[in-house]
Amino acid sequence: WAATKSLTLKIGKLVTHHGIEVIESQANWNYTHSLLFSYAIPFTQTGIAADWVASDKVEATLFLVNGLNNTFEGNAFKSPGAQVIYKPTPEVTLIQNFSAFNEQPGDAGGLTRFDNAVYLFDTIATYTPSAALDLGVNSDVAYDATLPSDKLLGGVAAYARWHASDKSALSARAEVFHGVSSATLGIPMAIKGNIAEGTGTFSYAPADGLLLRGEARVDRGFGAFKPFTDKAGTAMSAPPMTRIDASL
């Protein structure tokens with residue numbers, strides 16, 4: 001509901017306000033999703049949002065939702081959230097996102113049980129120095145109050161896209177992620193550790209409505225962290241081969 005020219009109210013199942021990437025891969029600079037998209041942020045949230053456009057440079061949104069990725073509430077806790085967008089110049093956009101999630105059952109997930117919440121801080125910055133070049137960085141830091149130790153998880157991803165022509169583009173992404181034994185966010189493994197990935201993508205649009213993409217990606221876990229397996233099920237720090245994707 002566009003209540004006024006500057007105030008918009010939303011209610012229902014909403015795509016998350018966190019992250020530089022979106023669910024639809026064709027709208028992202030790369031075809032595969034980042035580690036941050038996969039492990040550091042929710043995908044959807046169901047509830048209400050109030051968006052206020054203060055000026056052509058500042059926009060703010062407040063959220064109150066049922067929780068992380070769940071349509072129906074699983075406990076009494078209501079998750080608050082916020083987003084602030086600041087555009088100091090036409091070339092620069094800065095976004096700060098916040099959410100608090102508590103998916104604990106029973107009394108641990110009570111209405112005021114912020115002591116059992118996971119606090120997510122998502123920061124995005126994009127810079128377009130010219131019509132041919134786009135730059136971006138996304139960082140996520142989450143604090144899981146339910147963990148006895150190593151309560152912080154998250155990472156950072158850097159992006160670059162060069163438009164070689166009006167039909168083709170080259171994109172690159174590099175990121176690192178630190179996962180912990182959080183049941184709400186992070187890589188769903190008992191062991192905790194660090195993982196990095198690098199991705200290169202070539203996009204070509206030969207005609208309106210048609211997008212061709214080829215992509216190569218390398219992932220690697222560090223130290224004792226082995227989040228991949230081979231065909232025999234043996235744990236590995238890196239996939240058996242470089243990942244190559246193609247999309248139409």
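Tabulated data for the structure shown
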{"item": "Fraction of accessible area attributable to carbon and sulfur, the chain (%, probe 1.4 Å)", "result": "64"}
{"item": "For the chain, accessible area per residue (1.4 Å probe, heavy atoms of protein chains only), Å²", "result": "52"}
{"item": "Between region 125-168 and region 22-80, the Cα center-to-center distance that results, in Å", "result": "16"}
{"item": "Percentage relative contact order, the chain, counting C-alpha pairs under 8 Å, at least six apart", "result": "12"}
{"item": "Residue-by-residue Karplus 3J(HN,Hα) for region 55-62, coefficients 6.51, -1.76, 1.60, Hz, glycine and proline x", "result": "6, 6, 10, 10, 9, 9, 9, 10"}
{"item": "222 nm mean residue ellipticity, helices alone, for the chain (DSSP H n ≥ 4; -39,500 (n - 2.57); rounded to 500)", "result": "-500 deg cm²/dmol"}
{"item": "Ellipsoid semi-axes in whole angstrom, largest first, where each is sqrt(5λ) of the Cα gyration tensor of region 66-146", "result": "35, 11, 10"}
{"item": "Potential lengthening between Ala82 and Leu212 on full extension [0.36 nm per residue; Cα-Cα distance subtracted]", "result": "43.2 nm"}
{"item": "Pairs of Lys in the chain closer than 17 Å at Cα, counting only those 8 or more apart or on different chains", "result": "6"}
{"item": "Efficiency of FRET from Cβ geometry, Arg220 and Trp52, R₀ 41 Å, rounded to 0.05", "result": "0.45"}
{"item": "Region 47-84: chymotrypsin sites (Phe, Trp or Tyr not before Pro) in DSSP coil with no more than 16 other Cβ atoms inside 10 Å", "result": "Phe72"}
{"item": "Per residue Cα convex hull volume in Å³ - calculated over region 96-212", "result": "148"}
{"item": "Hypothetical label at Ala164: residues of region 99-134 whose amide nitrogen lies under 16 Å (7 Å Cα-Cβ projection)", "result": "132-134"}
{"item": "GluC sites (Glu not before Pro) restricted to DSSP loop in region 1-99 with at most 13 other C-beta within 10 Å", "result": "Glu24, Glu91"}
{"item": "Cβ-based net charge around Val58, under 13 Å, with every Lys or Arg adding one and every Asp or Glu removing one", "result": "-1"}
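The values are calculated or read from the model by the stated rules, or taken from the named source; none is laboratory data. This one's a predicted model, so the numbers in the text were calculated from it and none came from an experiment. Positions of Cβ are backbone-derived with ideal geometry, glycine not excepted, and every protein chain shown enters the neighbour counts. Just so you know, the surface numbers come from the protein's heavy atoms only, side chains and all, with ligands and any DNA or RNA stripped out. Shrake-Rupley method; radii C 1.70, N 1.55, O 1.52, S 1.80 Å.
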